[in-house]
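Here's the structure, in structure tokens; my notes come after.
The values are calculated or read from the model by the stated rules, or taken from the named source; none is laboratory data. For clarity, every value in this text was computed on a predicted model and none was experimentally measured. Reconstructed Cβ throughout: ideal geometry from the backbone, glycine too, with neighbour counts over all protein chains shown. The area values use the complete protein model at the heavy-atom level, side chains included, leaving out ligands, DNA and RNA. Shrake-Rupley method; radii C 1.70, N 1.55, O 1.52, S 1.80 Å.
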Amino acid sequence: MGSRRGWSAIGTGFGLVACGIAGAIACQGGLWGLLTGAALVSVWLGGLNWWAVVRPRGGPLPVVATRADADAMVLRVLLDAAPTPLVGIERGTARALNRAARRLFATDDRLLPMPVELADPAATHLPHEGRSWRIDRVAVAGGGSVAALIDIEQEERAAEARATADLIQVLGHELFNGLSPIVSLAESGAAAVERPVINVDLLREILGTLARRAEGLQRFTEAYRALARLPSPTRVPVRLREMTDDLARLFATRWPAAMLSVAEADDLCWPLDRDLLDQAIWALLQNAAEATAPGADACITLRMHVTDAGLTIDVEDDGPGVPPDAAARIFRPFHTTKREGTGIGLSLARQIALAHGGTLTLRSASPTLFRLTLP
């Protein structure tokens, strides 16, 4: 028996160490779901360790009546340790279900007075103590519900930190790749000039390559500036047929071998910034045309229709599709698999969609289907 308790304690110790490592990684990366899970598992493992090792030394405890009572006790412990404030709502009353909620509302049980946002099932945000909380509701048996309060500012700070880290990584990589050959070419040019007999052809070749590399770095800088200075959209009603006709004519001029099929509802108008949306759709069409294998005739479809989500714009191509390892990075600024690509088109298109309050997602990797929605 003692041996089993010893092995149980060792196993629990390893589990707690693993939870600690996972919690540290989650905290640094802003992964609050993983942090919550690690905390709950830590509490559970600690309870098991106490039950298996500490409890026998202190003598027997009252026997739990049923297995259901034991499960309920474990759930209460886990619920109380959760870092997300949880509020139970039933029959016009709200109760703090865990320590985080009691601390937030400075109460031991009921919330008095009950915030009107919690009483309204349609409310999605709760302003409290100068901060904004998102309300995620889950219905429970008996007609009540449990509301999880998510700190929006904390989520935004974590997302901003992740975006900044990604941007710094991309900028550092691109600038290093652009400057390294320039430095090498400049050193080669200086060495060529120092020779007793100057090789004009070699010097001309070095300077030409140097100029092309500098131009490439300049194009990268201009692309970054265009992404950073995206103007706010001015939404006015636009006839979509006119917009798609213009895009189809431009597409036929740019890629005469490709076939573009356009489908949209007749006489459909929608409030949007036409200049910006033209730019976003053109980026999707360009990506579709360039995704087709060289020498093959691309077949691309542009569809516009209205759904419950708003105006839906689909761009689909019959190319080889998006590799699974690239799907997660496809909207990342400056990420590209094309030799002459800047990696700015899809990222800019998504920024334009977000500026309109919409979304741009990769709905299918093979065949490739991008969906842009505007409310």
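Brief remarks follow.
- Counting the residues of the range 345-365 that are in contact with an Asp or Glu (Cβ under 9 Å, 6 or more places away or on another chain) and within 21 Å of Trp270 (Cα to Cα) gives 3.
- Residue pairs whose Cβ atoms lie under 8 Å apart, sitting 6 or more positions apart in sequence or on different chains, and linking a residue in the range 64-78 that is farther than 20 Å from Gly88 by Cβ to a partner that is open to solvent by 70 Å² or more (accessible area, probe 1.4 Å) and modelled with pLDDT of 70 or more, are Val64/Met73.
- Across the range 296-320, the qualifying residues are those that are surrounded by fewer than 16 Cβ atoms within 10 Å (Cβ to Cβ) and more than 12 Å from Ala258 (Cβ to Cβ), and the one among them that is modelled with the lowest pLDDT is Pro320.
- Pairs where the first residue, in the range 193-218, is over 20 Å from Ser180 (Cβ atoms) and the second is assigned to a helix (DSSP H, G or I) and β-branched (Val, Ile, Thr), C-beta under 8 Å, 6+ apart: Leu203/Val193
- Checklist (1) farther than 30 Å from Glu215 by Cβ; (2) surrounded by fewer than 18 Cβ atoms within 10 Å (Cβ to Cβ); (3) modelled with pLDDT of 85 or more applied to Pro324, failing item: (3)
- The set of residues in the range 120-140 being surrounded by 13 or more Cβ atoms within 10 Å (Cβ to Cβ) and more than 14 Å from Ile150 (Cα to Cα) is empty.
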